[in-house]
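The values are calculated or read from the model by the stated rules, or taken from the named source; none is laboratory data. Treat the numbers as computed from the prediction; the structure is a model and nothing was measured. Using ideal geometry, Cβ is built from the backbone for each residue, glycine included, and neighbour counts are taken over all protein chains shown.
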């Protein structure tokens with residue numbers, strides 16, 4: 001998702017393996033230009049993922065996983081302290097909720113609450129189509145002149 005307008009720019013359905021989301025994000029990041037930022041969930045706060053982003057010149061805006069263990073120790077984050085303290089990181093973390101709007105729309109209006117196909121290839125096609133439909137639904141609001149309310153919204 002790009003942060004300015006909340007449009008989905010890439011979508012991928014994967015098998016739920018625990019690391020599949022991180023692997024898909026790493027694959028998407030290969031298409032990003034150097035100097036770009038990449039926001040991700042707490043589950044992606046892993047050293048290998050963050051180091052891979054930094055090696056490609058991408059600023060990791062990964063949510064810090066500060067989970068506390070049974071012994072009372074906070075988990076060490078892979079996000080560099082200079083990134084975590086930056087204003088850009090704070091803005092990125094505030095805008096992270098927009099991606100949930102895409103998934104929420106997909107479940108309520110896009111037919112993703114109960115997928116009616118089987119097999120990863122078919123589910124992937126349905127998911128990518130639903131995310132493209134979300135962008136199309138958002139376009140009239142984005143193209144409306146400022147100050148006017150779009151009647152189709």
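Residues are listed down the side, and each one gets a yes or a no for (1) surrounded by 13 or more Cβ atoms within 10 Å (Cβ to Cβ); (2) at pLDDT below 95; (3) in contact with a helix residue (DSSP H, G or I) (Cβ under 8 Å, 6 or more places away or on another chain):
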{"site": "68", "(1), (2), (3)": "no, yes, no"}
{"site": "73", "(1), (2), (3)": "no, yes, no"}
{"site": "118", "(1), (2), (3)": "no, no, no"}
{"site": "127", "(1), (2), (3)": "yes, no, yes"}
{"site": "130", "(1), (2), (3)": "yes, no, yes"}
query = For segment 2-20, what are the residues that are at pLDDT below 90 and crowded, with 17+ Cβ neighbours inside 10 Å?
reply = 6
query = Based on what the data block shows, is residue 99 modelled with pLDDT under 95, assigned to a helix (DSSP H, G or I) and more than 14 Å from residue 11 (Cα to Cα)?
reply = no
inquiry  = Going by what's in this entry, would residue 78 be described as crowded, with 16+ Cβ neighbours inside 10 Å, touching a residue at least 40 places away in the same chain (Cβ under 8 Å) and assigned to a loop (DSSP other than H, G, I, E, B)?
reply    = no
ask   = Does residue 136 fit the bill of being in a helix (DSSP H, G or I) and loosely packed, with under 11 Cβ neighbours inside 10 Å?
value = yes
remark   = Checked against (1) surrounded by 14 or more Cβ atoms within 10 Å (Cβ to Cβ); (2) over 23 Å from residue 115 (Cβ atoms); (3) without any contact (Cβ under 8 Å) to a residue 40 or more places away in the chain; (4) more than 10 Å from the chain's Cα centre (by Cα), residue 40 satisfies every condition except (4)
